[in-house]
2 protein chains.
Amino acid sequence: MAARPTDTKEAILRLGTEFIQTYGYNAFSYADISKELHIKNAAVHYHFPGKEDLLAGIIDQYIHRYRELAKSFGNPGIAAKQKLQAIISRYSLLCEQGKICLIGSVCTDYNTLPESVKTRLTELIELVLGMVEKVLKEGKKKGELQFTETARVKSMLLMTNLAAGVQLARITGQKDYTAICNSLLKQLVV
Amino acid sequence: MAARPTDTKEAILRLGTEFIQTYGYNAFSYADISKELHIKNAAVHYHFPGKEDLLAGIIDQYIHRYRELAKSFGNPGIAAKQKLQAIISRYSLLCEQGKICLIGSVCTDYNTLPESVKTRLTELIELVLGMVEKVLKEGKKKGELQFTETARVKSMLLMTNLAAGVQLARITGQKDYTAICNSLLKQLVV
DNA sequence: AAAATTACTTACCAGTTAGTAAGTATTGTA
DNA sequence: TACAATACTTACTAACTGGTAAGTAATTTT
């Protein structure tokens, strides 16, 4: 009801992210968000005129966060194994919460997305793949990691294992996901 | 309009599968199906009373097909590499058609599915994983394949690479998917 | 103190969703 | 030839979808 610096917008982004990770982009509505936040659906439209604006906002948040993570990985003091573990930990947390990877979730609905969102999603994916690729390359150079594939291919193999792994885990159980992670690290770390 | 042995039901199953693989389960409607088949939406409801019945029917078809494939794999004359290639080929075909894995697509919407579908989906996943596990185990025993993980874990790693790989390919390009497949085979085949 | 801005609510809407009840034409069966 | 059964169509509905226009109260700026 006022012009105080609002946290509603942040709450909508948070909840939208949670819905996508829990039910999928095309399975939640503005009504779901407004009910949970005890506001009217028009308030959601005030912050995000269309549903595509909300998704764009969520992806932009992710791009920002992964840019920060990539920047923090610039520190040469951190071991490659530790960087890998930081990435894996993010997915482990999702798994424990019964959620799935946002990128993996949105990818399914790719053909239903407007161009503005497709562009952002592609940017986010290349950002993540590029970041992991760099970690792998450096780790190999320093003799901390081992793999025979190109860093690009290995980063795709790793991320598809993690993203689809958490989706599998939601159905076949978390033990399977843990086994996947252990295997990935054992295989990569010298 | 008649009591001839209908192919409408099969057409609905086919189109439903295509929609799930192209747009996702929660992104298509009975209207989409009826329009494309030039029938009324009530005709779709005649064959599949609810949308969950349609999805159940589609998954049942997949269970049937994978049971057949698993049975054909019982033939000890077929090399493990050939069996692997048969599985990979299915995903390559999807990739070329701009579609994604049905299981991968439905997994995203898992929490929005009724119990009857969840049960079937779990059965299908365990069927596929079990089939691949068997191929891997036998291939290793015969000295045709190599891997250090358990067959169960390796089958999950392989299938998550394929399923998420085709989703990635739809965004970053088919070259990436081809590179993934080549790497998987090179790694596994002795 | 007036004007503008922010962050909403109220009240609405057109289109779409899955779904149903009743009727109809065609075909196979007793 | 009567009678089911099949495979639909016609006609409808209640609930929900994303979305908007207009109003309001609190705050910030001028």
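The values are calculated or read from the model by the stated rules, or taken from the named source; none is laboratory data. This is a predicted model, so every value here is computed, not measured. Positions of Cβ are generated from backbone atoms using ideal geometry, with glycine treated the same way; all protein chains shown enter the neighbour counts. Please note that ligands, DNA and RNA were not included when accessible areas were found on the heavy atoms of the full protein model with its side chains. Shrake-Rupley method; radii C 1.70, N 1.55, O 1.52, S 1.80 Å.
Given the options B:LEU188, B:LEU158, B:LEU168, name the one that is touching a strand residue (DSSP E or B) at 6+ places or on another chain (Cβ under 6 Å) and either more than 7 Å from chain A (Cβ to nearest Cβ) or modelled with pLDDT of 95 or more (or both). Walk me through it before giving the result.
Working: B:LEU158 fails: touching a strand residue (DSSP E or B) at 6+ places or on another chain (Cβ under 6 Å); B:LEU168 fails: touching a strand residue (DSSP E or B) at 6+ places or on another chain (Cβ under 6 Å).
Within the list B:LEU188, B:LEU158, B:LEU168, the selection yields B:LEU188.
Restricting segment B:108-118 to residues that are open to solvent by less than 20 Å² (accessible area, probe 1.4 Å) and either among the β-branched types (Val, Ile, Thr) or without any contact (Cβ under 8 Å) to a residue 24 or more places away in the chain (or both), which is nearest to the other protein chains (Cβ to nearest Cβ)?
So the first thing to find is which residues in segment B:108-118 are open to solvent by less than 20 Å² (accessible area, probe 1.4 Å), and the list is B:108-109, B:113, B:117.
Applying the additional criterion that residues be either among the β-branched types (Val, Ile, Thr) or without any contact (Cβ under 8 Å) to a residue 24 or more places away in the chain (or both) yields B:108, B:117.
Values: B:THR108: 4, B:VAL117: 12 Å.
That would be B:THR108.
Looking only at segment B:65-80, decide whether some residue is of a type in the set (D, E, K, R) and within 16 Å of DNA strand D (Cβ to nearest atom).
First, pick out the residues of segment B:65-80 that are of a type in the set (D, E, K, R): B:65, B:67-68, B:71.
Now restrict to residues that are within 16 Å of DNA strand D (Cβ to nearest atom): none.
No, segment B:65-80 contains no residue that is of a type in the set (D, E, K, R) and within 16 Å of DNA strand D (Cβ to nearest atom).
If you go through segment B:30-83 one residue at a time, how many are hydrophobic (A, V, I, L, M, F, W, C), within 18 Å of the chain's Cα centre (by Cα) and over 28 Å from B:VAL135 (Cα atoms)?
We begin by selecting, within segment B:30-83, every residue hydrophobic (A, V, I, L, M, F, W, C); these are B:31, B:33, B:37, B:39, B:42-44, B:48, B:54-56, B:58-59, B:63, B:69-70, B:73, B:78-80.
From the residues that got through so far, the ones that are within 18 Å of the chain's Cα centre (by Cα) too are B:54-56, B:58-59, B:63, B:69-70, B:73.
Filter once more, keeping what is over 28 Å from B:VAL135 (Cα atoms): B:54-55.
Qualifying residue count, segment B:30-83: 2.
Taking the stated definitions as given, is A:ILE100 away from chain B (no Cβ under 14 Å), assigned to a loop (DSSP other than H, G, I, E, B) and in contact with a Ser or Thr (Cβ under 9 Å, 6 or more places away or on another chain)? Full working, then the answer.
Values: away from chain B (no Cβ under 14 Å): no; assigned to a loop (DSSP other than H, G, I, E, B): yes; in contact with a Ser or Thr (Cβ under 9 Å, 6 or more places away or on another chain): yes.
The answer is no for A:ILE100.
Out of the residues in segment B:176-185 that are modelled with pLDDT of 95 or more and over 17 Å from the mean Cα position of the chain (by Cα), which is nearest to A:SER155 (Cα to Cα)? Give the steps one after another, and end with the answer.
Our first condition is that a residue be modelled with pLDDT of 95 or more; within segment B:176-185, this holds for B:177-185.
Subset that is over 17 Å from the mean Cα position of the chain (by Cα): B:178-180, B:182-185.
Details: B:THR178: 15, B:ALA179: 12, B:ILE180: 10, B:ASN182: 15, B:SER183: 12, B:LEU184: 13, B:LEU185: 17 Å.
So, considering only residues that are modelled with pLDDT of 95 or more and over 17 Å from the mean Cα position of the chain (by Cα), the one nearest to A:SER155 (Cα to Cα) is B:ILE180.
Based on what the data block shows, is A:THR122 of a type outside the set (Lys, Arg), in contact with a Ser or Thr (Cβ under 9 Å, 6 or more places away or on another chain) and either surrounded by fewer than 19 Cβ atoms within 10 Å (Cβ to Cβ) or not in a helix (DSSP H, G or I) (or both)? Don't jump to the end; show me each part of the working.
Numbers: of a type outside the set (Lys, Arg): yes; in contact with a Ser or Thr (Cβ under 9 Å, 6 or more places away or on another chain): yes; either surrounded by fewer than 19 Cβ atoms within 10 Å (Cβ to Cβ) or not in a helix (DSSP H, G or I) (or both): yes.
Taking the combined requirement at face value, the residue satisfies it.
Looking only at segment A:146-180, how many residues end up being within 19 Å of B:THR108 (Cβ to Cβ) and small (Gly, Ala, Ser)?
Matching residues across segment A:146-180 total 5.
Residue-by-condition table, conditions (1) more than 7 Å from DNA strand C (Cβ to nearest atom); (2) within 14 Å of chain A (Cβ to nearest Cβ); (3) of a type in the set (S, T, N, Q):
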position	(1), (2), (3)
B:ILE20	yes, yes, no
B:TYR25	yes, yes, no
B:SER29	no, yes, yes
B:LYS35	yes, no, no
B:HIS45	no, no, no
B:PHE48	yes, no, no
B:GLY57	yes, no, no
B:ASP60	yes, no, no
B:ARG65	yes, no, no
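Quick check: anything in segment A:135-158 among the polar types (S, T, N, Q) and buried (at least 16 other Cβ atoms within 10 Å of the Cβ)?
Going through segment A:135-158, the residues among the polar types (S, T, N, Q) turn out to be A:146, A:148, A:150, A:155.
Pick out the ones that are also buried (at least 16 other Cβ atoms within 10 Å of the Cβ) and you get A:155.
Within segment A:135-158, one or more residues are among the polar types (S, T, N, Q) and buried (at least 16 other Cβ atoms within 10 Å of the Cβ).
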